[in-house]
Amino acid sequence: MNKSEAIYIANESLRANVLNEGNTQFSQIVRYVNDEGWWLNIPLANFRKENHFLLCSEKNRIIRHLMLKPNGILSPATKFRVKDGVADVFISAANPKKLVDILQGGSKYSFNKHLVDEHRY
């Protein structure tokens, strides 16, 4: 699965062309220390515009679609580990219902309220 395929699946499921290469980040499950999950690297400036995130689990054949509305997360620099103006987020796949950033230096922010849909393929 790649970003273009995930965007296509999500747009088909939504029956709209909402997602595109410019407003969407894609992440597949990777290993991090003793966990597995999804990495998101979000430039702080992007928190002022609409962003879509597609979290792919090929093993479960599901794509979790998150959407951040403009200014939907206030003061992101205080909620996430930030390096060079980019928020580093790692969402554990151990409990995908929680969708929580587990990185040290962050506030354990839950992206659950930003879940739009789960697209099966």
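The values are calculated or read from the model by the stated rules, or taken from the named source; none is laboratory data. What you see is a predicted model, and the numbers here were worked out from it, not measured in a lab. Heads up, the Cβs are rebuilt from the backbone with ideal geometry, glycines too, and the neighbour counts pull from every protein chain shown.
At a glance:
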{"item": "Members of the range 83-98 found to be modelled with pLDDT of 95 or more and touching a helix residue (DSSP H, G or I) at 6+ places or on another chain (Cβ under 8 Å), listed by number", "result": "GLY85, VAL86, ALA87"}
{"item": "Residue pairs meeting the criteria (Cβ under 7 Å; at least 6 apart or on separate chains; first farther than 12 Å from ALA45 by Cα, in the range 69-83; second of a type in the set (Gly, Ala, Ser) and assigned to a strand (DSSP E or B))", "result": "PHE80/ALA87"}
{"item": "So PHE26, is it in contact with a Leu (Cβ under 7 Å, 6 or more places away or on another chain) and either at pLDDT 95 or above or over 17 Å from GLU5 (Cβ atoms) (or both)", "result": "yes"}
{"item": "Meets criteria (assigned to a loop (DSSP other than H, G, I, E, B), surrounded by fewer than 19 Cβ atoms within 10 Å (Cβ to Cβ) and aliphatic (A, V, I, L, M)) for LEU74", "result": "yes"}
{"item": "Inter-residue pairs, beta-carbon under 6 Å, first part of a loop (DSSP other than H, G, I, E, B) and surrounded by 12 or more Cβ atoms within 10 Å (Cβ to Cβ) and in the range 10-35, second among the hydroxyl-bearing types (Ser, Thr, Tyr) and modelled with pLDDT of 95 or more, 6+ apart", "result": "ILE29/SER57"}
{"item": "Any hit, the range 79-89, residues being part of a loop (DSSP other than H, G, I, E, B), charged (D, E, K, R) and either over 23 Å from TYR121 (Cα atoms) or more than 15 Å from the chain's Cα centre (by Cα) (or both)", "result": "yes"}
{"item": "Residue within the range 29-36 that is closer than 24 Å to ARG120 by Cβ and in contact with a His (Cβ under 7 Å, 6 or more places away or on another chain) present", "result": "no"}
